[in-house]
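**Q** Handing you this structure, nothing more for now.
The values are calculated or read from the model by the stated rules, or taken from the named source; none is laboratory data. This is a predicted model, so every value here is computed, not measured. When we count neighbours, we look across all protein chains shown, and the Cβ atoms used for this are built from the backbone with ideal geometry, even at glycine. Each accessible area value is taken on the protein alone, full model and side chains, heavy atoms only, with ligands, DNA and RNA left out. Shrake-Rupley method; radii C 1.70, N 1.55, O 1.52, S 1.80 Å.
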Amino acid sequence: VGDIFIGDHDPWKQFTPIPRTRRGVLNYLLAHPVLEDSQQDDWRKLCSEMFQATAYALCKLAQQNNWPVERWRDALQAWAEEKLRDRSWHFMAPVVVGAPDDLVQALSHGIGWWLQAVAKTFEGHEDHFLMLAQCILQLDFNNDENTDDPVLHALNHPIGYVTRALLDWWSRRKPENEQGLPESIKSILTELCDTQVTKFRHGRVWLAAHALLLFQVDQAWSEQYLLPLFDWNRSETEAQAAWQGFLWSPRLYRPWMEAIKPALLDTVNHYSQLGEQKYQFAEFLTFAALDFCEIFTIKQLATAIRALPADGLRASAHALERAQESAGD
């Protein structure tokens, strides 16, 4: 966290306004690629307001193999804004893809966030998009053993950004049922399902959140790679992450319910491990019982509902009440 100050500038640091011409910005950045701790300027604001001048300056420095990390971090943050994302991608993707490995490591959050921001709308440079995504996936990350809130960690992790970006980019193509996953991302998603790689769990959370779409488009791939992630008997840590990801926005679909049924019924025994999503699970189980009662036996449903703790039963009762209201007469 930086210094606390009122207004745009820290009164304890010397402020230098950056010139407002393209040549002026370049000369300033050549002279001040890194800011001293006692100095401040309006580079971040300029990145948002003068894309052409700031991008030009960074390009010129990159040609000299000069990649000032903080300047790039501010620029990527600005480029992820809606007004700049497509334009920045068009001009700067070929530059960023040539960045040295240590810069990509230092800017993994910024690049991942930028990829996620552009994924739904960018045109062109698809090879750069996939290359940058794979660069982020190959990086090493520390402290990836934390499992207390897998969805929150996936939301704020470069691997999560990139996985979400890949899924958003693919979803733009309006994939059809049983079409199969395109080879361009199939190999990457398969790699993400490797539970031996802990860091990829941030990606697996997003795969679970998109499980229904993946299952509809490529059932064979999903049964081989995705469904095992939901099995508590294989790994409680992985199942916790998968179920929390799926329950973030769950939907009912008969073939999926049939495929996931054993793991779904077993999840009642792991209710407390679902974190914030536990009430969502109780409701989902209730709607599944109402909509697909022929998939489950009465005994299976009775056993599952009875296994819910008091707060789960309350959530189930609320779901039942809502279902009755929406059913009308």
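**Q** Please find, within region 49-89, the residue that is nearest to residue 28 (Cα to Cα) out of those that are charged (D, E, K, R) and open to solvent by 60 Å² or more (accessible area, probe 1.4 Å). Show your work before the answer.
**A** Start the filter on region 49-89 by keeping residues that are charged (D, E, K, R), which leaves 49, 60, 70-71, 73-74, 81-83, 85-87.
In the following step, the residues that additionally are open to solvent by 60 Å² or more (accessible area, probe 1.4 Å) were identified as 49, 60, 70, 73, 82-83, 86-87.
Details: 49: 17, 60: 12, 70: 15, 73: 17, 82: 27, 83: 25, 86: 26, 87: 24 Å.
Top of the filtered list is 60.
**Q** Turning to a different aspect of this structure: Quick check on this structure: which one of 302, 323, 307, 259 is free of Cβ contacts under 8 Å to residues at least 12 places away in the same chain and surrounded by fewer than 20 Cβ atoms within 10 Å (Cβ to Cβ)? Write out each step before concluding.
**A** On the way: 323 fails: free of Cβ contacts under 8 Å to residues at least 12 places away in the same chain; 307 fails: free of Cβ contacts under 8 Å to residues at least 12 places away in the same chain; 259 fails: free of Cβ contacts under 8 Å to residues at least 12 places away in the same chain.
Matching residue, one of 302, 323, 307, 259: 302.
**Q** Further question on the same structure: Go through region 81-127 and report how many residues are among the β-branched types (Val, Ile, Thr) and under 17 Å from the mean Cα position of the chain (by Cα). Even if it seems obvious, please write down each step before you answer.
**A** Taking region 81-127 first, the residues among the β-branched types (Val, Ile, Thr) are 95-97, 104, 111, 118, 121.
From the residues that got through so far, the ones that are under 17 Å from the mean Cα position of the chain (by Cα) too are 111, 118, 121.
Summing the residues that are among the β-branched types (Val, Ile, Thr) and under 17 Å from the mean Cα position of the chain (by Cα) in region 81-127 gives 3.
**Q** Regarding residue 119, is this residue touching an Asp or Glu at 6+ places or on another chain (Cβ under 7 Å), open to solvent by less than 20 Å² (accessible area, probe 1.4 Å) and of a type in the set (A, V, I, L, M)? Write out each step before concluding.
**A** Values: touching an Asp or Glu at 6+ places or on another chain (Cβ under 7 Å): yes; open to solvent by less than 20 Å² (accessible area, probe 1.4 Å): yes; of a type in the set (A, V, I, L, M): yes.
So residue 119 fits the description; yes.
**Q** Let me ask something else about it. In region 227-254, how many residues are part of a helix (DSSP H, G or I) and basic (Lys, Arg)?
**A** To start, the set of residues in region 227-254 that are part of a helix (DSSP H, G or I) comprises 227-230, 236-246, 254.
From what's left, basic (Lys, Arg): 254.
Number of matching residues: 1.
**Q** Examine region 290-304 for a residue that is closer than 17 Å to residue 230 by Cβ, at pLDDT 85 or above, of a type in the set (Gly, Ala, Ser) and in contact with a helix residue (DSSP H, G or I) (Cβ under 9 Å, 6 or more places away or on another chain), and state whether such a residue exists.
**A** yes
**Q** If I filter region 144-178 down to residues being modelled with pLDDT of 90 or more and of a type in the set (Asp, Glu), which single residue comes out as nearest to residue 194 (Cα to Cα)?
**A** Of everything passing the filter in region 144-178, 168 is nearest to residue 194 (Cα to Cα).
**Q** Listed residues 202, 270; which is open to solvent by 10 Å² or more (accessible area, probe 1.4 Å), closer than 30 Å to residue 127 by Cα and not in a loop (DSSP other than H, G, I, E, B)?
**A** After ruling out the rest, the residue left standing is 202.
**Q** Any residue at all in region 172-188 that is in contact (Cβ under 8 Å) with a residue 24 or more places away in the chain, open to solvent by 10 Å² or more (accessible area, probe 1.4 Å) and acidic (Asp, Glu)?
**A** Yes, because at least one residue in region 172-188 is in contact (Cβ under 8 Å) with a residue 24 or more places away in the chain, open to solvent by 10 Å² or more (accessible area, probe 1.4 Å) and acidic (Asp, Glu).
**Q** Continuing with this model, one more query. Tell me which residues, restricted to region 238-262, are over 25 Å from residue 177 (Cα atoms) and at pLDDT below 95.
**A** none
**Q** Which of the residues that make up region 100-121 are farther than 20 Å from residue 188 by Cβ, part of a helix (DSSP H, G or I) and in contact (Cβ under 8 Å) with a residue 12 or more places away in the chain?
**A** If we filter region 100-121 for residues that are farther than 20 Å from residue 188 by Cβ, which is where we start, we get 100, 102-103, 106-107, 110, 121.
Now drop any that are not part of a helix (DSSP H, G or I), which leaves 102-103, 106, 110.
If the condition is that a residue be farther than 20 Å from residue 188 by Cβ, part of a helix (DSSP H, G or I) and in contact (Cβ under 8 Å) with a residue 12 or more places away in the chain, then 103, 106, 110 are the ones that fit.
**Q** Residues of region 48-99 being part of a loop (DSSP other than H, G, I, E, B) and closer than 25 Å to residue 17 by Cβ, which ones? Full working, then the answer.
**A** Initially, region 48-99 is screened for residues part of a loop (DSSP other than H, G, I, E, B), giving 50, 64-68, 80-84, 97-99.
Within region 48-99, 50, 64, 66, 67, 68, 80, 81, 83, 84 qualify.
**Q** If you don't mind, another one. Can you list the helices (runs of 4 or more DSSP H) found entirely within region 276-329 that contain at least 2 residues being of a type in the set (Val, Ile, Thr)?
**A** Working: elements: 278-291, 298-307, 310-327.
Because the criterion is at least 2 residues that are of a type in the set (Val, Ile, Thr), the helices (runs of 4 or more DSSP H) in region 276-329 that meet it are 298-307.
**Q** Are any residues in region 122-141 open to solvent by less than 80 Å² (accessible area, probe 1.4 Å) and assigned to a loop (DSSP other than H, G, I, E, B), and if so, which ones? Outline the logic, then answer.
**A** Filtering region 122-141 down to residues open to solvent by less than 80 Å² (accessible area, probe 1.4 Å) leaves 122, 124-125, 128-130, 132-137, 139, 141.
122, 124, 125, 139, 141, listed by residue number.
**Q** For residues that are of a type in the set (S, T, N, Q) and either open to solvent by less than 30 Å² (accessible area, probe 1.4 Å) or touching an Asp or Glu at 6+ places or on another chain (Cβ under 7 Å) (or both), tally how many sit in region 8-48.
**A** Within region 8-48, the first condition is being of a type in the set (S, T, N, Q), and the residues that meet it are 14, 16, 21, 27, 38-40, 48.
Narrowing further to those that are either open to solvent by less than 30 Å² (accessible area, probe 1.4 Å) or touching an Asp or Glu at 6+ places or on another chain (Cβ under 7 Å) (or both): 16, 40, 48.
Result for region 8-48: 3.
**Q** Checking residue 181 against (1) under 14 Å from the mean Cα position of the chain (by Cα); (2) of a type in the set (A, V, I, L, M, F, W, C); (3) closer than 30 Å to residue 255 by Cβ, only one condition comes out false. Which one?
**A** (1)
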